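The values are calculated or read from the model by the stated rules, or taken from the named source; none is laboratory data. Keep in mind the model is a prediction, meaning the values are calculated, not measured. All Cβ positions, even for glycine, are placed from backbone atoms using ideal geometry, and neighbour counts span all protein chains on display.
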Amino acid sequence: MMSETKAKLIGVGAGIALLLFYFGTLTLSNSFEYAVSQFTSMWYWIIALSFGFGIQAYLYTKINTHIKDNKGKVEMATSGGVSMASMVACCAHRLTDVLPIIGVSAASLFLMKYQTFFLAIGLFSNIFGIFMMLKVAKENMAIKGPTWLIKQDFKSLQNITLALAILALPIIFIGATATPVVSQNTANLGTKTNSENSLTIEITPIEFNFYEPIKFDVALNTHQGSLDYDMTKVSILEDAEGNTYQPISWEGSLSGGHHRSGILTFPKLENTDRLELTIYGVYGVEERIFTWAI
């Protein structure tokens, strides 16, 4: 009974650890709000990977506890490692901030563009690993379960999973290849300026593409009054189709003073040919509109 409880705790812990790894990586590279936004957009992938990894950890523990002589010991590291690698790939496109500096921006673009492909590899690896360990557990009578489960031919299920992966992964890869990437280099969006009521606001889109949240470099300058505004509450982004987006975060100087600057981040957009950022009610101006054609 104790070994069963231990195995379950290890399985749950492994799944949670993978989730913490995901959130920790994105939080450290950007912000917690960004991590939540990314998770919301692909939660089904992340939950599936974490759940599958937890099941593998549970089965691994059960088998190693049961097989005392270790002759039937199986390795979780291979498929679990692929799952971890796919999670890294999911997060690694954040290296776009750094990679261009060392001349390998193409690598960051590749990770970003083929994110779904990497996640699919991890998911198929998880399923294959689960069937592999269930096969070993059945052969060594290391696990009990309902009759329908025990009677399954796990070797055949492994082969089916492999066949599905061979069929599906090329399709996912080709689909990603066919998807156009619009990056900062091709978009070439410039700075827009608004000067009204003694306040000048300059806004420049940065790191622009359709695969990540949209970021704007914002500078506010005045010689009177105080800039006591929460930029996430007075800003809204709209695309060519009329869809509106609320800011995810503001990373920069705090409210107050004559000069403020920072990065205003919005969720990622679908393909569009226009961006319109509006600042509401600042320094007595009802609307300050900044528009870019893509």
What pairs come out if I take residues in region 239-252 that are free of Cβ contacts under 8 Å to residues at least 40 places away in the same chain and under 17 Å from GLU212 (Cα atoms) and pair them with residues that are of a type outside the set (S, T, N, Q) and not in a loop (DSSP other than H, G, I, E, B) whose C-beta lies under 6 Å away, six or more apart or interchain?
THR244/ILE236; THR244/GLU238; TYR245/LEU237; TYR245/PHE266; PRO247/LEU264; PRO247/PHE266; TRP250/GLY262; TRP250/LEU264
Could we say that THR244 is within 22 Å of TRP292 (Cβ to Cβ), of a type in the set (Ser, Thr, Tyr), out of contact with any Asp or Glu (no Cβ under 7 Å at 6 or more places or on another chain) and at pLDDT 90 or above here?
no
Any chance region 216-227 includes a residue that's modelled with pLDDT under 85 and of a type in the set (A, V, I, L, M)?
no
Going by the conditions given, is LEU220 within 25 Å of THR27 (Cβ to Cβ) and buried (at least 17 other Cβ atoms within 10 Å of the Cβ)?
no
Say whether the condition of being at pLDDT 90 or above, touching a Gly at 6+ places or on another chain (Cβ under 7 Å) and surrounded by 15 or more Cβ atoms within 10 Å (Cβ to Cβ) is met by at least one residue in region 193-203.
no
